[in-house]
1. Which one is surrounded by the most Cβ atoms within 10 Å (Cβ to Cβ), of the residues in region 33-57 that are touching a helix residue (DSSP H, G or I) at 6+ places or on another chain (Cβ under 9 Å) and free of Cβ contacts under 8 Å to residues at least 40 places away in the same chain?
2. Which members of region 1-43 meet the condition of being assigned to a loop (DSSP other than H, G, I, E, B) and under 22 Å from residue 53 (Cα atoms)?
């Protein structure tokens, strides 16, 4: 199973990340959390969601 990265969404609020994750998961995407330094000093953090899809699953869904 090779997942294809579709996008990264920067979302600061945890509640909003949870909501978006639930919506994407219901629509067949695999979602993972991410966190990186927003500034070189690392005092600010950028929270984001990594969004993946399985191209093989798309092919089997077309056959149904």
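Bear in mind these aren't lab numbers, they're just calculated from the coordinates by the rules spelled out. All of these numbers come straight from a predicted model, not from anything done at the bench. Because the Cβ atoms are built from the backbone with ideal geometry, glycine has one as well, and the counts that use them run over all protein chains shown.
1. Step one: of region 33-57, the residues touching a helix residue (DSSP H, G or I) at 6+ places or on another chain (Cβ under 9 Å) are 33, 47-49, 51.
With the extra rule that they be free of Cβ contacts under 8 Å to residues at least 40 places away in the same chain, the set shrinks to 33, 47.
Details: 33: 11, 47: 17.
By that ranking, first place goes to 47.
2. To start, the set of residues in region 1-43 that are assigned to a loop (DSSP other than H, G, I, E, B) comprises 1-3, 11-13, 27-29, 38-43.
Result: 1, 2, 3, 11, 27, 28, 29.
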